Amino acid sequence: MPGSGSRRDLRRALEVRAGAPYLFPIVLTLLALAAGWWLKDAAPALQGAVAAPDQQVRKALSDLTSARLEDVYGHGAGGLAELQELRFGDVTVTVGGEGEAARARVVAMAEGSGRLAWRGQVIGLGYVGREAFTMRPCRFAGWCAEGEALGELRPVLRLLFRRLDAFNGRDAAAYGRLVAEGYRGEGGKPAVLARLARDLSAQPPATLAVTAWQVRVVGDEATVGADERLTLGSAPPVPLRTRLRLVREGGRWVVAEGL
């Protein structure tokens with residue numbers, strides 16, 4: 001007679017055999033669910049792989065919702081601009097080449113908001129600008145910007161920093177180099193330079209701080225709305241709202257109106 005241990009082993013084997021037909025459909029169901037979830041996550045990538053190149057580029061742009069610009073002050077002095085809620089509209093795409101050598105020329109209207117951090121200051125930043133840049137095939141996003149996707153914003157920010165430096169350094173000559181030859185204020189450039197020289201040499205000395213910049217760039221013109229605080233000596237700061245009009249002159253941005 002088999003011992004009690006053998007009977008238990010036989011019973012367990014029979015239970016497993018009896019349960020196997022019920023377990024098999026459950027396993028199939030779990031595998032089907034797992035495959036469904038995989039297909040759900042992979043579907044966008046699979047669709048992108050078979051889409052036309054220009055559609056792939058547009059999809060990559062729609063996924064590009066943030067951007068970082070480092071060293072926006074220039075000369076290795078730092079400054080980090082971060083834009084969130086970034087969107088690209090009015091997009092035109094031209095694709096040339098094949099495989100890894102393919103390149104897409106993109107022209108689009110970019111719009112986003114965020115902040116700029118530099119030397120302990122935090123400046124609100126809004127941007128709208130027509131950008132032109134190149135994208136190349138890349139592994140995860142499908143297409144990635146080759147260089148900066150917001151190349152028009154950086155030189156404008158550097159001009160704005162130079163203006164702050166010239167004002168707070170009481171440097172009329174440096175400020176004058178930021179003024180357009182065809183300045184549109186009353187009396188043109190000579191008049192504005194004379195006024196700046198008087199203002200920067202006045203007592204008590206004034207300092208200027210900025211809390212937000214709103215920048216719009218289209219072609220060779222830009223407008224900047226600046227929320228500022230002007231402080232005279234030890235007096236409380238006075239809030240200011242300044243609107244500057246910029247133009248490209250000799251390949252660089254200068255102030256054409258608003259000083």
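The values are calculated or read from the model by the stated rules, or taken from the named source; none is laboratory data. Since we're looking at a predicted model, the values are computed, not measured. Ideal geometry is used to build each Cβ from the backbone, glycine not excepted, and the neighbour counts take in all protein chains shown. The protein model used for the area step is the full one, side chains on, heavy atoms only, and it has no ligands, DNA or RNA in it. Shrake-Rupley method; radii C 1.70, N 1.55, O 1.52, S 1.80 Å.
Brief remarks on what is shown
- Approximating the spin labels as points 7 Å out from Cα along Cα→Cβ, the residue 94-to-residue 140 distance works out to 3.2 nm.
- Centre-to-centre separation between the Cα atoms of the stretch 115-192 and those of the stretch 63-98: 13 Å.
- Net lengthening on full extension, residue 168/residue 235 (0.36 nm per residue, minus Cα-Cα): 22.5 nm
- Accessible area of the stretch 95-149 belonging to carbon and sulfur atoms, whole % at 1.4 Å probe: 49
- Rounded to whole Å, sorted largest first: equivalent-ellipsoid semi-axes of the stretch 83-159, Cα gyration tensor: 27, 13, 11
- Shape call, the stretch 150-211: gyration tensor on alpha carbons, a/c limit 1.5: oblate
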